[in-house]
Amino acid sequence: MHKKNKKLGKKDKSFAQKILKILSQNANRPFNYKQIAAILEVDDTKSRNEIIKDLKILAAQKVIIESEPGRYLVKAISQDYYEGTIDMTSRRTAYFICEDFEEDVFIPTNNLNHALDKDKVKVYVYNRRKGKKPEGEVIEVLERAKTDFVGVIDIQKNFAFVTTANAKMYTDIFIPKDKIGEAQQGDVVFVSIDDWPKKADSPFGSVIKVLGKPGEHDTEIHAILAEYGLPYEFPIEVENYAQKLDTTIQDAEIKKRRDMRQVLTFTIDPKDAKDFDDALSFQVLENGNYEIGIHIADVSHYVQEGTILDEEAERRGTSVYLVDRVVPMLPEVLSNFACSLRPNEEKYTFSAIFELDQKAQVVNQWFGRTVIYSDQRFAYEEAQCIIEHKLAVIPAEVSLTGASYTVDEPVMHAVLKLDELAKIMRAKRMANGAISFDKVEVKFHLNEQDEPTGVYFKISKDANHLIEEFMLLANKKVAEFIGKQKKTFVYRIHDEPNEDKLFNLQGIISKFGYSLNFKSKTDISKSLNTLLQNVIGKKEQNLVDTLAIRSMSKAKYSTENIGHYGLAFDYYSHFTSPIRRYPDVMVHRLLQYYLDGGKSADQELYEEKCAHASNMEGLATNAERDSIKYMQVKYMKDHAEQEFLGVISGVTEWGIYVEIVENKCEGMCRIREIKDDYYTFDEKQYALVGEVSHNILQLGDEVFVKVKNADLVKKQLDFHFIRKNS
């Protein structure tokens, strides 16, 4: 694997690119042809003459300059050199992403020069003439996106190699004998790249931690977290600090707050929730309007700036929700106890309190620190039961306690009125162009060993929408309150969708008989909502939902407010989940600072914090997605003999992707293994076409498949194609 580079000789027609690379990597040092020949390890006369000739051509083209007779420098500022990011493909080639180019620049394998996925690089771009697709060569790796990887170790006599399951990691990692540590043959290990010598095929690394044996449950879950640099334990000093916090409710502190303990207050959360970020209070005012309080755990009271607890929370950025566990942003003493708005307990909160009229219009608003007492905890199913049946009796089958009980009349009235107001607010939002992404969530029934015993789908109902609308109201109004003061703030922004992606979506959904209206921004939103409504319950729902979400821009945190396209809000922030999201903690601090009369905060500092929070959110989302894929593969591994009905969710030149209807697990049928005909890929139809039968396999077609291979390490499913559903 580590062969010596062959000496360059007669077969090389041109040394131009190699010369440019040497000069670019040593931008301030002039070279003559002898020095370049020595670096390139050539010593024959013909090659030296070629180097002299190429130096003169490059100088004539003004790509390089002859700084003194026979000695050359790369031009100090050259329009052919750019800085940007590498986006690896799974085929060992890459694209260079740079704002200076409308289209991405192709980087062939032999021009990567040790660059890895998402690295920040300096690239020389050639083929920039009109009509030609630009190509480039990595001249320098400016910054590694990551140096830590997870993989399986293969130990030889005097060294080892670690191979990752990441399709975009095109090289294995060489581990010297003294850096193997306690790893055993075949272990899943966490490794760090220490160096990548110029002439080595692979980077050199060392084993940091042994995660376990491939395929074991805890090994794979810990591997997912390690792959994205997410911790699964708190440092002992952070745990100790949290344990020593005074979490009692003090009279002196209550006097500094608005006392809401006598107002009817309750929480509505998932059945299995352990932390309760938010509570709602409700009372009817003398003028017939409603005072509704959105009360959020006052995390910033306990997590003080500059403490090790705050540093750890900011570093994590978010809680991570894997299929079998939560990796919290805050230690359990805070997330599940002190900050959790548990029933029949007094809690410190940060609140947004609104007076709403009968039409759900905001008449008055107030923001500030409060103290509350939660009278009751509802699961979504219990609240849904009240909304659907307008009955005070909660049956045993949906009750949190497992026994039926009667809800007090004022509580039932509050739930029904809040639902009524939420529906008015939701209808207004939709009319203003908001997009309703109620994507079906895949969930698993797990036994005591965390083995998946079944799959179910989480669907949002009225009770979910009730909570959602009031959280959106608080987030919107807090952002609006600060935004109109033109002070530095943390916004949650969402740009308009990319038109090309929408046209691609149109091309795919047209195969199912749907279409989008591109006349205006409002028409696009309305037609997207119509599309998402029309696919509910159809075989193509999950496919269309997924593609529609992918056509959207990614929401992120920023101090630069551009509004939120998906929600159709001019101002939007995250205020309502500080137990699990660090940006909400920042929002609480800034809001209190401005309520106290503070001047505008340092925008540059907060923009950096926003970028970090957005990045951590992305990593957590990827880890959550990987854990679902892992559990789906695990589930399907136990159903190898079963025949499944699936929907074709993707078509490529190497096969079809099939999503199982009953559990949303996705796998691939390779083209060479579809035996009823010889199939070729038709790019125009986005389909596989049989040469003899002219049978077509395209997006949305129903097919029957069986599990061929379930790879827990790669989190991949391969299917046997059985037949098309006629």
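The values are calculated or read from the model by the stated rules, or taken from the named source; none is laboratory data. Predicted model, so just to flag it, every value in this text is computed and none were measured. All Cβ positions, even for glycine, are placed from backbone atoms using ideal geometry, and neighbour counts span all protein chains on display. Ligands, DNA and RNA are stripped out before the accessible areas are found, and what is left, the full protein with its side chains, is counted by its heavy atoms. Shrake-Rupley method; radii C 1.70, N 1.55, O 1.52, S 1.80 Å.
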Open item on the list: Can you compute 3J(HN,Hα) from phi for each residue in region 586-594, using the Karplus curve 6.51 cos²θ - 1.76 cosθ + 1.60 with θ = phi - 60°, rounded to whole Hz and x for Gly and Pro?
Closed with: 4, 4, 4, 5, 5, 4, 5, 4, 6
Open item on the list: Run the helix sum for the chain: -39,500 (n - 2.57) per DSSP H stretch of 4+ residues, divided by residue count, reported at 222 nm to the nearest 500 deg cm²/dmol.
Closed with: -9000 deg cm²/dmol
Task: Centre separation in Å (Cα based) which lies between region 290-306 and region 667-726 - done: 53 Å
- [ ] Could you let me know the centre-to-centre spacing of region 24-55 and region 199-220, using Cα atoms, in angstrom?
- [x] 40 Å
Open item on the list: Explain nothing, just compute: Karplus ³J(HN,Hα) = 6.51 cos²θ - 1.76 cosθ + 1.60, θ = phi - 60°, for every residue of region 569-584 in order, whole Hz, x for Gly and Pro.
Closed with: 10, 6, 10, 7, 9, 10, 10, 9, 9, x, 5, 10, 9, 5, x, 5
Task: Solvent-accessible area per residue for region 347-413 (1.4 angstrom probe, square angstrom) - done: 45 Å²
- [ ] Any chance you could look up the accessible area of Tyr380 with a 1.4 Å probe, heavy atoms only, rounded to 10 Å²?
- [x] 40 Å²
Open item on the list: Just to confirm the number: angle between the C-alpha axis of helix 217-227 and the first principal axis of the chain, 0 to 90 degrees, nearest 10?
Closed with: 70 degrees
Task: Which of Lys461, Lys21 is most accessible, then next, and so on - probe 1.4 Å - done: Lys461, Lys21
Open item on the list: Projecting each Cα onto the charge dipole of the chain (Lys/Arg +1, Asp/Glu -1 at the beta carbon, about the Cα centre), which of Leu531, Val647, Ala94 comes out farthest on the positive side?
Closed with: Ala94
Task: Stretchable slack from Glu305 to Leu595, in nm (0.36 nm times residue separation minus alpha-carbon distance) - done: 102.6 nm
Open item on the list: Just to be sure I understand the model, the point goes 7 Å from the Cα along the line to the Cβ. What's the resulting Val284 to Arg672 distance in nm?
Closed with: 7.4 nm
Task: Computed E for Thr652/Gln262 - FRET, C-beta separation, R0 60 angstrom, nearest 0.05 - done: 0.45
Open item on the list: If you roll a 1.4 angstrom probe over the protein chains with everything in place, what fraction of the accessible area of region 267-426 belongs to carbon and sulfur, to the nearest %?
Closed with: 50 percent
TODO: For Phe569, list long-range residues whose amide hydrogen, built 1.01 Å from N in the peptide plane, is under 5 Å from its own amide hydrogen.
DONE: His564
TODO: Between the alpha-carbon centers of region 548-616 and region 480-544, tell me the distance in whole angstrom.
DONE: 21 Å
TODO: Measure nothing fancy, just the Cα-based angle from helix 380-389's long axis to the longest principal axis of the chain, in degrees from 0 to 90, nearest 10.
DONE: 50 degrees
TODO: Please determine, in degrees from 0 to 90 and to the nearest 10, the orientation of helix 499-509 with respect to the longest principal axis defined by the Cα atoms of the chain, where the helix direction is its Cα long axis.
DONE: 80 degrees
- [ ] Evaluate the relative contact order of the chain (contact order divided by residue number), counting alpha-carbon pairs under 8 angstrom at least 6 apart; express in whole percent.
- [x] 8 percent
Task: Dipole-positive endmost among Ser335, Thr349, Phe367 within region 334-377 (Cβ charges, Cα centre) - done: Ser335
TODO: Please work out how much accessible surface Asp259 shows to a 1.4 Å probe, ignoring ligands, DNA and RNA, in Å² rounded to 10.
DONE: 80 Å²
TODO: May I ask you to compute the full-extension gain from Lys461 to Ala200, defined as 0.36 nm times their residue separation minus their alpha-carbon distance, rounded to one decimal in nm?
DONE: 88.3 nm
TODO: Rank these by accessible area, largest first, 1.4 Å probe: Ser281, Ser404.
DONE: Ser404, Ser281
TODO: Multiply the residue gap between Lys359 and Thr401 by 0.36 nm, knock off their C-alpha separation, and tell me the result in nm, one decimal place.
DONE: 11.5 nm
